1. Take the alpha carbon atoms of region 183-203, find their center, do the same for region 231-309, and report the distance between the two centers in whole angstrom.
2. Kindly put Val267, Val439, Val241 in sequence by how many other C-beta atoms sit within 10 Å of each C-beta, fewest to most.
3. Within the chain, what is the longest stretch that has no trypsin sites (Lys or Arg not before Pro) placed in a DSSP loop and near at most 14 other beta-carbon atoms within 10 Å?
4. Which order results if Asp458, Asp120 are arranged by neighbouring Cβ count within 10 Å, fewest first?
5. log10 I(q)/I(0), Debye, Cα-only region 135-176, no solvent, q = 0.20, 0.23, 0.25 Å⁻¹?
6. Quick one: what are the phi-derived ³J(HN,Hα) couplings along region 86-97, Karplus 6.51/-1.76/1.60 with θ = phi - 60°, whole Hz, x for glycine and proline?
7. Skipping prolines and chain starts, which residues have an amide H placed within reach, meaning under 5 Å, of the one on Ser206, given they are 5 or more residues away or on another chain?
8. Straight-line reach from Lys461: which aspartates and glutamates fall under 19 Å, measuring Cα to Cα and dropping same-chain residues less than 8 apart?
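All of the numbers you see were taken from the coordinates with simple rules; none came from a lab. Because the structure is a prediction, the values reported are computed rather than measured. Counting neighbours? That spans all protein chains shown, and the Cβs are built from the backbone with ideal geometry, glycine included.
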Amino acid sequence: MSANEQRGDSRGDRRSMDQGDGQRRSESGRTRNRGQGGRPRQYSQAAPGQRKRSADPARLVAFKTLREVSGADAYANLVLPKLIREYQLDRRDAGFATELAYGALRGQGLYDAILTTLVDRPLSELDPAVLDALRLGAHQLMAMRVPKHAALDETVSLARAQIGAGPSGLINAVLRRVSEQEPAAWVAQLTAGAENDSAKLAIEHSHPDWIVRALRGALIAHGRDAGELSALLQADNAAPVVNLVALPGLGDLDGAMENGAEPGTLVEGSATYKHGDVARVPGVREGTVRVQDAGSQVMARALANVELPADGDDRYWLDLCAGPGGKAALLGALAVQRDARLTANEPTAHRARLVENSMDAVPRDYWMVTELDGRAYGGEDYAGDYDRIMVDAPCSGLGALRRRPESRWRKAPRDIPELTALQGELLDAAFSAVRVGGVVGFVTCSPHQAETRLVVEDFLKRTGQAKLLDTGAEVAKVMYEDAPAAGHPLGEGSTAQLWPHLHGTDAMFMALLTKVAPTE
């Protein structure tokens, strides 16, 4: 029996109750509704004195997470772990809270579309706490293996304890209506009048319409079939597994394997972990084993692995946008093996501290952290100083929607132009700082063509000394032989794009560029 089924069964004796003004009670004191919509009146299963007024801890943690996300613009991946520790949830309850919070955030678009048909006012006029409770209840009813009566009863109890008796009556009534149709029926009803396929997919897979259209364009731009769009959107909504990496020469995955981890299927030195608190895995607390998406591992290894096109030293590496430090730690470990020195730059002070913490397991003589605006490396003081440079540029993050469930609702098309301008400026700075014959790896966690291929195309047009390498081939060298291809031609070279639905990673993009000697 699954954790969700156990949770539902353990609370299955209580039925959710219709509440509200004007309700009547039976002789035993049980309330009955008025049979809205012509349905017969029904008595509730519990007398007033028996109704639960406390919140289940796992659901409470999920609810508090949503309140922080919607009320304080917080990030779920930062808030949720703290709340899990605060409420001392065991492994089963922590898993339930995680799926409930993340799932409600991912599915917010679909759930709000359903709720809009059932509430007699715009959702924006609801108390935000009531709306968060409705989303939690809808996710349990629509996407989790929780019995309907348990989902209703527990959500109403949560609302009664955290919001009040009055709002809990509205929540009870609305969620009962949600439970009257299966998910497929709701989707069919909501998409019946959709203007086009993008609008339909946006509802069905709970993505903003503009992101659906952007991802369709991205598939085509990177040489994929637009017919893969539905699979890509589904992958965005799947809970990602934890990916581990052992820092080369500093750590190993033996302890992780003994604790239930499984070997990674994309790149060497990686593993996946599905068995609870990753901090208990040997090496994680020490920093020699790290949590890092396999796509990020591929990008760092590809930059370190590519053979420099021209003679010269290979001693000075730069991670231009290093925060929070995952790629920097892996690059630093690889640099130690090559007797190279890594400069990890992060302009924001608190993120620079995160980089230092990430690098702590790497011998101190092999790295340093700077806190400059990355564009400063385009100045004369740094011209031609570095052999390898990673530019993991700030981007929309559309490639990591599965890991940052709230981000799809915070992004807007107007964000893209400002980001692409910054990406171009950082790429210019890196190219000034790399020596002739050195390599720059331009990386974004986005497949959006404006943040990937178009940035590279524009850069190549304005930079006479730049040459695009066969990035697809270089990326393939660090992945296992049976991994799906990631390269797509661009001029005389190629770029590489990873995909959640193909590679099981974030949608990471990479272009490897070298500086050639100026022509006479």
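1. Taking the Cα centre of region 231-309 as reference, the centre of region 183-203 is 37 Å away.
2. Val241, Val267, Val439
3. On the way: sites that count: Arg34, Arg41, Arg53, Arg145, Lys274, Arg285, Arg315, Arg338, Arg410, Arg414.
Value returned for the longest uninterrupted segment is 146-273.
4. Asp120, Asp458
5. Rounded to two decimals, the profile gives -0.51, -0.66, -0.76.
6. For region 86-97, the Karplus-derived couplings read 4, 8, 6, 6, 6, 4, 5, 5, 5, x, 5, 4 Hz, x marking Gly and Pro.
7. Residues meeting the criterion, in which the H sits 1.01 Å from N, are Leu110.
8. Straight-distance partners of Lys461: Glu425, Asp428, Glu451, Asp470, Glu492, Glu520.
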